[in-house]
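The values are calculated or read from the model by the stated rules, or taken from the named source; none is laboratory data. Since the structure is predicted, the reported quantities are computational estimates derived from the model, not experimental observations. Here the Cβ positions follow ideal geometry from the backbone for every residue, glycine too, while neighbour counts run over all protein chains shown.
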């Protein structure tokens with residue numbers, strides 16, 4: 001009999017605390033490691049993203065209408081609205097067309113379509129907050145980092161560009177919008193805690 005193995009069907013005489021039977025042919029091995037939680041994958045919600053896209057295009061139309069109807073007097077209102085919500089519309093279309101998941105949680109960390117890869121060892125905690133965006137609000141999952149500067153040094157360009165404005169509003173650089181996810185932020189935070197039980201959850 002190989003060391004560390006027992007024939008299937010026989011009783012273990014020394015079952016270690018937390019041991020797990022692992023079947024290998026007609027043999028079983030005892031392991032002290034519990035099975036890993038499988039990755040949690042969230043794909044883009046077409047319904048939620050479609051509604052956001054319709055809203056963004058509506059604001060683009062309003063901006064164009066202000067410039068056309070009111071002329072130069074509304075130029076400094078209409079043009080920024082067209083540029084901002086037009087960029088939002090392009091980003092939303094990209095999310096609908098790409099094949100990548102919106103968010104993936106696994107044993108090593110999280111990978112978000114906008115934030116990139118963040119290891120659990122970099123995360124101090126997570127929380128649900130309300131963020132003002134444009135003329136409205138949205139609920140976001142804020143990922144509190146041990147070293148935000150180290151993350152920003154390698155973060156995607158869009159995250160670096162928005163970091164200063166987020167800081168002025170009292171937010172960190174790593175925020176996950178729940179608007180395009182198929183589930184609410186509470187369910188995402190619960191999944192994070194399943195993968196990383198020692199995380200501190202706020203809110």
Q.
Checking residue 161 against (1) surrounded by fewer than 16 Cβ atoms within 10 Å (Cβ to Cβ); (2) in a helix (DSSP H, G or I); (3) within 13 Å of the chain's Cα centre (by Cα): exactly one of these is not met. Which one?
A. (3)
Q.
With the structure loaded, tell me whether residue 191 is in a helix (DSSP H, G or I) and either in contact (Cβ under 8 Å) with a residue 24 or more places away in the chain or within 13 Å of the chain's Cα centre (by Cα) (or both) or whether it fails that test.
A. yes
Q. Which members of region 168-177 meet the condition of being over 15 Å from residue 138 (Cβ atoms) and out of contact with any helix residue (DSSP H, G or I) (no Cβ under 9 Å at 6 or more places or on another chain)?
A. 168, 170
(Q) Quick check on region 121-155: of everything there that is modelled with pLDDT of 90 or more and more than 18 Å from residue 200 (Cβ to Cβ), which residue is surrounded by the most Cβ atoms within 10 Å (Cβ to Cβ)? (A) 155
Q: Read through the list (1) over 22 Å from residue 41 (Cα atoms); (2) without any contact (Cβ under 8 Å) to a residue 24 or more places away in the chain, then give the number of the only condition that residue 169 fails.
A: (2)
